[in-house]
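Following: one structure in structure tokens, then a few remarks.
Taken together, the values in this text are just the output of simple stated rules run on the coordinates, not laboratory data. Note that the coordinates shown come from a computational prediction; the quantities given were computed from them, not determined experimentally. So basically every Cβ, Gly included, is an ideal-geometry build from the backbone, and we count neighbours across all protein chains shown.
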Amino acid sequence: MLLPSTSDFHKDHIATSLFTQEALKQRGWTPHARYWIVHGRLEWPVPKGLHEGFPLPISPRGFHLLRQRVDLNQQDENQKLEALQAHSSQTMGMRRFMEAFVRQNELIYPDRNRQPRRRHEERGRGRRLFLKHC
């Protein structure tokens, strides 16, 4: 299950995360949770607008978290853009912000509580796991 990170800048995303985490905990599904950051600070991600093929940079609010880079192919990017464009009420006012997330990768945070102590990179099957010192 993918849910907002409690490191997100917006309080409604934090509240959604906490509520969902509690529901998952009650069902014993917590190990299946993965997190993402939408609002990682003012002006993130940059550049704004559609820049397919650009990597999604690490959010300033996510530097301290264990993260997994998941590479996307062109079909994935196209599907993501199509899904974003289906939300016309939101793209009307935030098109450039939303399109900035159509990138060559996703950044997923496997564990919201894990605070790595040293920098380490592990590669495997097209995915990278990054740990960064706080």
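Quick check: residue separation of ASP111 and SER88 times 0.36 nm, minus the Cα distance between them. What number comes out in nm?
5.1 nm
Take the Cβ-Cβ distance between ARG41 and PHE101 as r, set R0 to 25 Å, and report the resulting FRET efficiency rounded to the nearest 0.05.
Once the sixth-power term is evaluated, E becomes 0.95.
Size of the dipole of the range 1-96 about the Cα centre, Lys and Arg at +1 and Asp and Glu at -1 on the beta carbon, nothing else charged, in debye to 20?
Dipole size: approximately 280 debye.
Describe numerically, in nm with one decimal, the distance between label points set 7 Å from Cα along Cα→Cβ at HIS32 and at ASN73.
Output for this residue pair reads 2.6 nm.
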